[in-house]
Amino acid sequence: MFKIRWITFLLAVLPMIFSGCSSAQPLPTSSPSPTSSPSPTTTLTSPDATSPTATLTAPEATPTAQAVELPFPYSLVSQESAFSYLEDLTTLQAYSGWRNSATEGESEALDYVASTLSEFSHLQDLGLELERQSFHVLLATEIWESRLFLTSNGQETEVPANAVSGHRRDLRQAMRFDSDGTLNDTERDPVEVAGGGLLLRSSEEVRGLAQADAEGRIIFLDFGVIDPLTVDPGVSAELVTALIQKHAAGLVLVVAGGYGESVQDGTLLADPGMTEGIPMLNVRLEDLAPAGIVSWEDLARIESARLIWDTDVFSPGQSGNLVARIPGTDSSRAVILGAHIDSANTPGAGDNALNCAVLLEMARVLDEGKLQPPVDIYLVWFGSEELGFNGSLHFVNTHQELLDRTLAAFLMDGFTAWEPGPTILAMQEASHARFGNPNLPFSDYLSQQAEDYGISIEMTLDSEFFSSDDGPFYGFVPHVRFSFGNMEIGERFHSPYDTVESVHDQGGVMEQIATMGLIAALETPLDAPNLHVTPAAERRALIVATHTEVLQMTPALLIHLDRALAWEGFDVDVIPYGQSLSAADLTDADLVVALPVIDYPSVDGDLTLYDEQWRPEEIELLVNYVEQGGFLILTNSAISQFFGRVGDINEDWEDVNALAAPFGFSYGGEPFRTIRAFVTGTHPITGDLVDLVLATDNGLPLTMQGGEVLAEAQGKIAIGLVDYGAAGGQVLALSDLGLLDLYNPRTSERDNLDFLRNLARYARDR
């Protein structure tokens with residue numbers, strides 16, 4: 001889960017709730033059938049199943065829920081079964097990769113899911129189809145091995161230690177932490193260091209440490225000294241850098257008593273100017289008992305330590321999704337259920353193995369009940385959500401046809417409340433999810449079903465903000481994000497304490513989530529237009545990502561653009577990376593967004609492998625489109641982006657000029673060193689805006705022949721608009737891909753929202 005503190009979330013989104021967003025009245029319940037809404041006493045049967053109903057008692061975590069007698073097949077849901085899947089997922093790759101994004105652990109978890117599904121004979125008979133998707137993520141590491149041995153009283157004992165890993169946003173920075181300094185090798189080549197142990201528990205101890213006392217030692221550092229939640233990140237970097245400069249042999253970050261939520265990796269804790277690194281692990285003080293260590297005082301008395309560390313940096317890293325299609329009686333329609341399978345520097349029980357286990361439990365129920373769903377059911381385990389919704393975005397971009405026939409999507413990720421109290425089941429739906437519908441009929445429908453089945457669900461705020469795999473579905477398909485949690489559970493996310501023990505009391509919650517997922521899969525009404533599509537789409541937008549791996553750009557920018565377009569009644573399509581543009585793709589497109597050419601390093605660091613460029617035939621197609629009256633948006637990017645942060649340099653940003661030249665545009669010069677673009681004139685696209693937010697060091701100045709300047713930065717053109725052809729065609733050129741994003745880490749402002757809405761309205765009304 002891409003974590004957002006709930007209070008901050010409320011403050012961020014309350015001002016942005018649109019007054020026109022309201023909840024629709026629940027749909028009336030039709031007569032019981034496999035494709036309509038049964039009452040709690042209705043039995044949904046399979047051809048050969050007559051299983052009696054069973055009683056599901058609401059878990060202690062949700063005391064307001066009323067116990068009801070659940071009908072078949074919901075009576076088959078078992079918290080014991082779901083919990084067994086959770087335990088299996090949580091223990092995969094223990095202390096050596098876990099399920100961190102783009103690691104061996106993530107891949108093994110997907111293997112486990114595929115193997116489990118293969119054992120369901122009924123689903124196999126129905127024609128179960130498995131699709132394993134692979135995609136690149138930016139600068140990930142593969143953790144092969146991490147081991148820590150402590151010697152106390154002359155006895156060496158191995159203790160659990162987790163390799164410190166995480167996002168890799170800069171190749172040169174990440175290279176410092178490769179175990180052998182060889183980019184993208186796949187060889188097991190562990191680094192082993194040993195030395196006397198030294199415990200440091202204050203910043204003063206770190207700063208005062210003499211090099212002679214640090215050199216060759218294994219430093220055990222109280223994580224509280226550098227915890228980003230309580231210490232300025234610059235201070236954290238300074239302290240870790242000091243240990244590297246004093247030639248410590250290795251660094252072990254020690255967390256204790258439940259703190260350590262923000263244990264991060266070396267790339268975030270070391271000075272970017274450093275050219276060297278040291279092996280880093282993290283441990284829980286509580287896990288050192290096998291070595292006779294139960295307190296800080298015990299740890300201070302260890303005689304020596306031995307650290308084995310093997311990690312290789314991959315650029316780009318490899319991640320994946322697993323998509324399971326369960327054929328329904330009507331394959332012209334579908335329901336999608338999904339959860340992300342990766343975790344962040346943690347075993348990841350609550351975030352998000354619990355919901356991945358729930359998906360498996362849904363599959364098991366369908367298999368045991370020998371059911372065929374009324375429509376196609378797609379179960380999806382997404383990879384690399386923690387790196388920025390990469391898996392769900394890849395799925396959306398590569399399953400456009402599926403989205404067009406999807407009734408709704410049910411996405412699951414944990415954590416609903418940053419406050420004391422029982423576990424809360426919550427649901428959030430994006431208004432205007434497709435075709436401009438401002439209401440929330442799908443969540444209203446599910447809320448009513450939950451009430452009928454005695455399950456207590458809290459509706460969360462509807463806003464343009466996003467926090468998980470639901471985000472990439474904005475603008476494409478009606479969906480809800482279903483989540484669970486409380487403060488105690490939420491505090492453990494992204495920490496070494498997100499273990500299976502931390503959610504041991506959530507079995508009843510898992511039952512309820514599985515029940516709601518099955519309701520979405522089996523009972524979503526087939527009268528889709530009345531459920532979520534009003535009116536039918538009158539406009540179509542096409543995003544051309546032929547030469548851009550969308551995953552490598554900040555996912556937020558497409559999420560926000562997709563949703564702004566949906567608000568104004570556009571149906572959104574995407575041509576994914578590597579797929580050729582055709583004349584048919586441009587037919588009836590009211591708006592075409594051409595994402596910039598982005599080259600990425602190959603597995604051996606070669607920047608030329610993905611030597612992307614606009615081909616002459618593609619340029620001809622787009623020029624003809626505009627000549628015939630089309631509206632084309634050109635974008636560019638000096639860097640790859642990650643939620644507004646600087647990533648790798650885009651070495652071939654000039655390749656966009658081949659497409660820009662026919663329209664009288666040219667990109668060139670040094671990127672803007674400002675985050676502000678000031679509006680000029682009064683064109684409807686910029687409306688009454690004063691300024692817009694640029695991504696840091698990303699915008700490339702424009703020159704243009706004729707046309708209208710809409711915004712400037714540092715005295716140069718940031719946005720320009722030209723008329724082209726006799727049929728009323730227009731081209732809008734954006735200097736910065738970040739103009740499509742609402743997130744800027746320096747300012748925390750969302751100034752670009754009105755720009756996106758103005759742009760969508762203008763494209764709609766042309």
Residue order, fewest to most surrounding Cβ atoms within 10 angstrom, among 423, 680: 680, 423
The stretch 695-730 versus the stretch 401-419: alpha-carbon centroid distance in Å: 37 Å
Label-point separation, residue 727 to residue 584 (7 Å along Cα→Cβ), nm: 2.0 nm
Gain upon complete extension [residue 213, residue 615; 0.36 nm per residue less C-alpha separation]: 138.7 nm
Ascending count of other beta-carbon atoms within 10 Å, so fewest first, for 74, 112: 112, 74
Residue 661 paired with residue 129, simple spin-label distance in nm, labels 7 Å along Cα-to-beta-carbon: 4.3 nm
Point-to-point label distance, residue 333-residue 501, nm (Cα→Cβ direction, 7 Å offset): 4.8 nm
Difference of contour (0.36 nm per residue) and Cα-Cα distance, residue 118 to residue 296: 59.3 nm
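For 418, 296, 98, 381, which order do you get if you count the other beta carbons within 10 Å of each Cβ and list the fewest first? List each step's numbers first, then the result.
Numbers: 418 18, 296 14, 98 30, 381 27.
Placing the least packed residue first, the sequence is 296, 418, 381, 98.
Taken together, the values in this text are just the output of simple stated rules run on the coordinates, not laboratory data. Small disclaimer: the values here were computed from a predicted structure and weren't measured. FYI the Cβ positions are ideal-geometry reconstructions off the backbone, even for glycines, and counts take in every protein chain you see.
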